[in-house]
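S.K.: First the structure, which I've put down as structure tokens, then a few questions once you've had a look.
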Amino acid sequence: MKTERIELLAKAPVTKAIMVMSLPVVLGMMVQVLYNLVDTFFIGKLGDPNQLAAANLAMPVFILMMALGGMIGTGASSYISRSLGEKRQGQADKTLSIGFFLCIIVGVLVTGIGLILLKPLISVLGASADTSGFASQYVLVLFLGGIPIITNYALGQLLRSEGDAMGSMVGMFLGTVTNIILDPIFIFVFGLGVRGAAIATVLGNLFSLIYYLMRYARGRTLLQIHPKLFTFDRTIFKEIFSIGIPSSLSQLLMGVAMIVLNNIAAGYSDIVVAGLGVSTRIISIGTFVFMGFAAGCQPLVGYNYGAKNYTRVRAIIVQGVIITSTIGVVLSILLGLFARSITGVFSPSPEVVATATIILRALVLSLPFVGGQMLSTVTVQAFGKALPALFLSISRQGLFFLPLLLILNALFGFNGFIYAQPVTDALMLVLSSCIVWRILRKEAGIASER
């Protein structure tokens, strides 16, 4: 089986390799989307727009925690894939071990700092007098679950770095199904409301983490976690953070952007905050599909880049962009046409449904551009190019979205507020594609001169 994984990374037909590596991740991501939608559905059934708004206000905290897990997971995964391509499995094992224990340390720090700063953080998130109590309940539980949330997210990436996409998918599936089952129990049976949804989220992440650890412990993986390998290795730490920090900056800035977005939405009304929450959960259908394809392509790109097979790298990128762009166009049409019917599933409030429908029809315009943009960004990370990866990570939210959000909202009000994201994603696709092809041309030229 281990030999078959290497054959898949190095020699399988490109389309087949992308599908084999990506579809399990996409399926796992779809389970995650199902969780997002079911979570929103059950909170919506409480009939309280304030609790629905509070769950959306708490989302940046979850994104920021995932960003920290992604910092370690993406950085370590990039180096692991390249090490395997260079036939250095010992270095890959050591990177895995260091990455895992770093997640534990970061999780402890996040829990401690989060509990200390909980009260001022709720105000920063944009909570009103009506939503602050519910938002505090949700965020408190998330901080208490810092270790399983951060470590689970990173280990899913680390498994994919060695070609074990199926193991990663099963772990995501297990955790999300657990979450979905526990949601109505904690929300309604135990009467915990939005706090119950947060508890279900943490327990779902914990179950996924336990599965991943059992998979490593039973030797079903190419690489193994060894406590004795957790040492300060300057090269590995540099590789993890030089790629991981740019990657995490993207998600960290996403969390910051969402805080700004929610604060602007709260300036309109709590109904707009609730409608924004519903529409962004629905649009996550496309986002997570593209994340799955990008994550599936990363080890393919990293392995072949490490092996200096630039022709195969180019083929992977081109085919990946074609696949994701086609999916984006189809999803944009379907979600736009049935926006009112879909948003109506998640709230009994006519005001929330009307607002969510307007926002969703604006956001779907991003979908044809997001897949190629994500694939290009992940490709730069897989190359191990720290500065371009840093630039791309900062650009999406910092260079484009936040300035556009503030400017368009000031100029056009609500319409500018909801159309800032599609404009951002179109610009980012152009920028990220240019950077990828420039790196590839340069590397291929250097290789041909040797």
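Since every read-out is calculated from the coordinates, none of them should be taken as a lab result. Nothing here was measured: the structure is a model prediction, and the numbers come from that model. Virtual Cβ from ideal backbone geometry, glycine too; neighbours counted across all protein chains shown.
S.K.: Is there a pair in 94/442; 16/94; 308/385; 16/87; 11/385 whose C-alpha atoms are over 19 Å apart, and which pairs would that be?
M.R.: Details: 94/442 31 Å; 16/94 30 Å; 308/385 15 Å; 16/87 23 Å; 11/385 24 Å.
As for pairs spanning more than 19 Å Cα to Cα, those are 94/442; 16/94; 16/87; 11/385.
S.K.: Among 46, 109, 188, which residue has its Cα furthest toward the positive end of the charge dipole of the chain, with +1 on Lys/Arg Cβ and -1 on Asp/Glu Cβ?
M.R.: 109
S.K.: In what sequence do 221, 231 fall when counting other Cβ within 10 Å, fewest first? Can you show the working numbers first?
M.R.: Working: 221 20, 231 11.
So the residues, fewest neighbours to most, are 231, 221.
S.K.: Just to be sure I understand the model, the point goes 7 Å from the Cα along the line to the Cβ. What's the resulting residue 10 to residue 263 distance in nm?
M.R.: 5.2
S.K.: Rounded to a whole number of µm²/s, how large is the Stokes-Einstein D of the stretch 1-142 at 20 °C and 1.002 mPa s, given Rh as the Kirkwood radius over C-alpha pairs? The partial results should precede the final answer.
M.R.: Values: Rh = 18.3 Å.
D, rounded to a whole number, is 117 µm²/s.
S.K.: Relative to the longest principal axis of the C-alpha atoms of the chain, give the angle of the C-alpha long axis of helix 414-449, reported between 0 and 90° and rounded to the nearest 10°.
M.R.: Compared with the principal axis, the helix lies near 0 degrees.
S.K.: Now for a different question. Would you work out the relative contact order for the stretch 173-322, in percent, from Cα pairs under 8 angstrom that are 6 or more residues apart? List each step's numbers first, then the result.
M.R.: Numbers: 61 pairs, mean separation 16.8, N = 150.
Over the stretch 173-322, the number comes to 11 percent.
S.K.: Which ordering of 355, 379 is given by a fewest-first count of other beta-carbon atoms within 10 Å? Mind showing how you got there, number by number?
M.R.: Details: 355 26, 379 31.
So the residues, fewest neighbours to most, are 355, 379.
S.K.: For the chain, what does -39500 (n - 2.57) per DSSP helix run (n ≥ 4), summed and divided by total residues, give at 222 nm, in deg cm²/dmol to the nearest 500?
M.R.: It comes out at -29000 deg cm²/dmol, rounded to the nearest 500.
S.K.: Relative contact order for the stretch 26-135: what percent, with Cα pairs under 8 Å and sequence separation of 6 or more? Could the numbers behind the result be given before it?
M.R.: Values: 52 pairs, mean separation 40.9, N = 110.
After rounding, I find 37 percent.
S.K.: Taking the 0 to 90 degree range and rounding to the nearest ten, how far is the long axis of helix 194-217 tilted relative to the main principal axis of the chain, both from C-alpha atoms?
M.R.: 10
S.K.: Still on this structure, please answer the following. Lys and Arg at +1, Asp and Glu at -1: add these up for the other residues within a Cβ distance under 15 Å of residue 14 and post the number.
M.R.: Details: positive: 11, 16, 312, 314; negative: 7.
Value of the local net charge: +3.
S.K.: Using a 7 Å offset from Cα along Cα-Cβ at residue 410, what residues in the stretch 245-276 end up with backbone N under 18 Å from the label point?
M.R.: 257, 260-265, 267-268
S.K.: Let me ask another. Once Lys and Arg get +1 and Asp and Glu get -1 on their Cβ, which of 360, 286, 129 lies farthest toward the positive end of the dipole of the chain?
M.R.: Selected residue: 286.
S.K.: Also, I was wondering about something else. Rg and Dmax of the stretch 158-285 over Cα atoms: what are they, in angstrom?
M.R.: Radius of gyration, then largest Cα-Cα span, for the stretch 158-285: 19.2, 55 Å.
S.K.: Please report how far the C-alpha centroid of the stretch 361-377 lies from that of the stretch 193-226, rounded to the nearest whole angstrom.
M.R.: The distance from the Cα centre of the stretch 361-377 to that of the stretch 193-226 comes to 30 Å.
S.K.: May I pose another question? Using only the Cα atoms of the chain, what do you get for the radius of gyration and for Dmax, in Å?
M.R.: 21.1, 69
S.K.: Taking neighbour Cβ counts within 10 Å as the exposure measure, how do 48, 39 sort from fewest upward?
M.R.: Lowest to highest Cβ neighbour count: 48, 39.
S.K.: A follow-up question, please. Run the quick spin-label model on residue 177 and residue 318: label points 7 Å from Cα toward the beta carbon, then report their separation in nm to one decimal.
M.R.: 4.0
S.K.: Could you calculate the contour length gain from residue 217 to residue 338, that is, 0.36 nm times the residue separation minus the distance between their Cα atoms, to one decimal place in nm? Intermediate values should be presented prior to the final figure.
M.R.: On the way: separation 121, 0.36 × 121 = 43.56 nm, distance 4.61 nm.
Going from the current span to full extension adds 38.9 nm.
S.K.: When all C-alpha to C-alpha distances in the stretch 293-450 are sorted into bins of 5 Å, what percent of pairs does each bin hold, rounded to whole numbers?
M.R.: Here the calculated profile for the stretch 293-450 is 1, 9, 15, 17, 16, 14, 10, 8, 5, 3, 1, 1, 0, 0.
S.K.: If you put +1 on each Lys and Arg Cβ and -1 on each Asp and Glu Cβ, how big is the dipole of the chain around its Cα centre, in Debye rounded to 20?
M.R.: Dipole about the Cα centre, nearest 20: 1380 debye.
S.K.: For a bin width of 10 Å, list the pair-distance distribution of the stretch 260-365 built from all Cα-Cα distances, rounded to whole %.
M.R.: Percent of Cα pairs in each bin: 14, 34, 24, 17, 10, 2.
S.K.: Quick check: Cα centre of the stretch 333-353 to Cα centre of the stretch 231-286, how many Å?
M.R.: Cα centroid of the stretch 333-353 versus Cα centroid of the stretch 231-286: 24 Å apart.
S.K.: To the nearest 10 degrees, how steeply does helix 89-116 sit against the main Cα axis of the chain, on a 0 to 90 scale?
M.R.: The answer is roughly 20 degrees.
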